[in-house]
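> Can you keep this structure in mind? I'll have questions shortly.
The values are calculated or read from the model by the stated rules, or taken from the named source; none is laboratory data. Predicted model only: the values in this text are computed from it and were never measured. Using ideal geometry, Cβ is built from the backbone for each residue, glycine included, and neighbour counts are taken over all protein chains shown. Ligands, DNA and RNA are stripped out before the accessible areas are found, and what is left, the full protein with its side chains, is counted by its heavy atoms. Shrake-Rupley method; radii C 1.70, N 1.55, O 1.52, S 1.80 Å.
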Amino acid sequence: MRVKIARLLIHWAVALAKGGETMLAVYVMMIHKGMIKLVDVPVQSRDKVAAALEAGGMDQSGNIV
């Protein structure tokens, strides 16, 4: 059981480090709440985050348009 949990935690950590869907949602939420700006998002994820903001009806600052 411990090995399964350890593997699951490692899998999640790797997915987060790669900037998967979970981190995309986290970045969008943090921008919308005003905690960070788009320039604070890692370069490899900026385009995806900007597209997600636009799809959610928000501008680059997270304000609802």
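> Is there any pair with a first residue in segment 39-65 that is under 14 Å from Met29 (Cβ atoms) and open to solvent by 100 Å² or more (accessible area, probe 1.4 Å) and a second that is part of a loop (DSSP other than H, G, I, E, B) and aromatic (Phe, Trp, Tyr) whose Cβ atoms are under 9 Å apart and which are 6 or more apart or on different chains, and what are they?
Once the first residue is under 14 Å from Met29 (Cβ atoms) and open to solvent by 100 Å² or more (accessible area, probe 1.4 Å) and sits in segment 39-65, no partner that is part of a loop (DSSP other than H, G, I, E, B) and aromatic (Phe, Trp, Tyr) comes close enough.
> I've got another one for you. Checking the condition modelled with pLDDT under 90, open to solvent by 60 Å² or more (accessible area, probe 1.4 Å) and not β-branched (Val, Ile, Thr), which residue from Met1, Met35, Met23 passes?
One residue alone meets the criteria, Met1.
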